[in-house]
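Below: the structure, in structure tokens.
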Amino acid sequence: MNNSKIVYENSEEDGKILFLQKQQGELTQVVEAINQVESGENWQKLKKLLLDEIVTNLEKQLALEAARDEINPPKIYKLQGELKWAKRYSDLKKLSEAKRQQIENIKNQIKDETNPRDGAL
């Protein structure tokens, strides 16, 4: 029996768990920072004066482009992408929730790595 292979496999699993734990820690810090920024008065001003306007303008441009007789698909796709980006980053609560979901996924991966389903250790 070759025991060196067993040790190598375990260290590989430990490396994956350490990587996942590091990612979890970094995402937790990101969520905390997002929440602090979102609760600030300056963010509310910036959102109201700049980002909300950008979203509104992109929606108008997209509607105008879609209403044209000859549709330009690349331009439509570009505007859709810009609008999606603007909506995602102008609503920090949604962004925070998305990051929290990533943290939950990582927790589940760590749990699966530490407690294999087949009972093997």
Rotationally averaged projected area of the stretch 3-114 (alpha carbon convex hull; nm²): 10.3 nm²
Using a simple spin-label model with points 7 Å from Cα along the Cα→Cβ vector, what separation in nm is obtained for Val30 and Leu50? 2.1 nm
Once every DSSP H run of n ≥ 4 in the chain is given -39500 (n - 2.57) and the sum is divided by its residues, what mean residue ellipticity at 222 nm do you get, rounded to the nearest 500 deg cm²/dmol? -28500 deg cm²/dmol
Of Lys48/Lys107; Lys48/Lys84; Lys22/Lys47; Lys60/Lys99, pairs whose Cα-Cα distance is over 27 Å: Lys48/Lys107; Lys22/Lys47; Lys60/Lys99
Which helices, counted as full DSSP H runs in the chain, have an axial Cα extent of no less than 30 Å and a Kyte-Doolittle average of -1.0 or above? 3-39
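Quick note: the coordinates plus some simple rules give every number you see, no bench work behind them. Predicted, not measured: the structure shown is a model, and the values here were computed from it. With ideal geometry, Cβ positions are generated from the backbone for all residues, glycine too; neighbour counts draw on all protein chains shown.
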